[in-house]
Amino acid sequence: IQSFHDFSVPVNNAAKTLKQEAHAILKESNHQFKRTSEKFSSVARRSLREEHHQLLKTQTSLVHVSRDALKTTNVSLQRTERRGITAFQGMLKKEAFTLQALHDRIPMNVKSSLTREENKLNQLVNSVRLMDPINVLKRGYSITTLNKKSIGANNRPVVGEKVITRTATFTVESEITREIDPSDE
């Protein structure tokens, strides 16, 4: 039982440590995700402001050129102005769409990564749980002790001594009546 206890205490401590580490990893990942999202939003807003500012500068320049060109050819200038504005609006829409697509992919990638790591962690927790001595006993194994020590090469019972056998659901005391040679089995 002492050997069992010595084995189960580190396993229980390991399970607690795994849970604590998992919680810390998930918390840190969520924090990093928030920071990344905030940085991305900030960069996207700044980029849109810069694009908007550049568009305004370009539009102002076009207006000046248009006024000068209007003196020469009013019809030609109107076509050029419309084409320029439409092209800039198309570019702005395309850039906004690209930025939105990138923004939309970030949560999916982070969530997928977190789910994958959580699954790995759950597999480790399940492995530790399966190695728990109580679960080993529940699968049909038993522990037999003599003088509160597991029997083995250094602690062999002899005829007349009493041993205690523990399973997951009960404990029995037995008296050794004979020793069987392993080659006779």
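The table below gives the values:
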read-out	value
Filter result (surrounded by 11 or more Cβ atoms within 10 Å (Cβ to Cβ) and β-branched (Val, Ile, Thr)) within segment 64-107	Val65, Thr73, Thr80, Ile85, Ile106
Within segment 156-170, considering residues that are assigned to a strand (DSSP E or B) and either in contact (Cβ under 8 Å) with a residue 40 or more places away in the chain or not aliphatic (A, V, I, L, M) (or both), the one surrounded by the fewest Cβ atoms within 10 Å (Cβ to Cβ)	Lys162
Conditions (1) surrounded by 14 or more Cβ atoms within 10 Å (Cβ to Cβ); (2) free of Cβ contacts under 8 Å to residues at least 40 places away in the same chain; (3) among the small types (Gly, Ala, Ser): number failed by Ala153	(1)
All positions within segment 53-101 that are within 24 Å of Glu38 (Cβ to Cβ) and either without any contact (Cβ under 8 Å) to a residue 40 or more places away in the chain or of a type in the set (S, T, N, Q) (or both)	His53, Phe97, Thr98, Gln100, Ala101
Segment 136-160, residues that are under 45 Å from the mean Cα position of the chain (by Cα) and of a type in the set (Val, Ile, Thr)	Val136, Ile143, Thr144, Thr145, Ile151
Every pair of residues 6+ apart whose Cβ atoms lie under 9 Å, when the first sits in segment 122-147 and is small (Gly, Ala, Ser) while the second is outside any strand (DSSP E or B)	Gly140/Thr167; Gly140/Ala168; Ser142/Thr167; Ser142/Ala168
Every residue from segment 151-164 that is at pLDDT below 95 and β-branched (Val, Ile, Thr)	Ile151, Val158, Val159
The one condition in (1) at pLDDT below 90; (2) assigned to a loop (DSSP other than H, G, I, E, B) that Leu114 fails to fulfil	(2)
Top-ranked residue in segment 132-150 [being closer than 13 Å to Ser3 by Cβ and modelled with pLDDT of 90 or more; ranked as surrounded by the most Cβ atoms within 10 Å (Cβ to Cβ)]	Thr145
Test: residue in segment 102-121 that is farther than 30 Å from Val9 by Cβ and either of a type in the set (Asp, Glu) or over 31 Å from the mean Cα position of the chain (by Cα) (or both)	yes
Selected residue [in a strand (DSSP E or B), without any contact (Cβ under 8 Å) to a residue 40 or more places away in the chain and loosely packed, with under 11 Cβ neighbours inside 10 Å] from Glu173, Glu179	Glu173
Within segment 31-51, tally of residues that are surrounded by fewer than 13 Cβ atoms within 10 Å (Cβ to Cβ) and touching a residue at least 40 places away in the same chain (Cβ under 8 Å)	1
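The values are calculated or read from the model by the stated rules, or taken from the named source; none is laboratory data. Keep in mind that this is a model prediction, so the values were computed, not measured. Because the Cβ atoms are built from the backbone with ideal geometry, glycine has one as well, and the counts that use them run over all protein chains shown.
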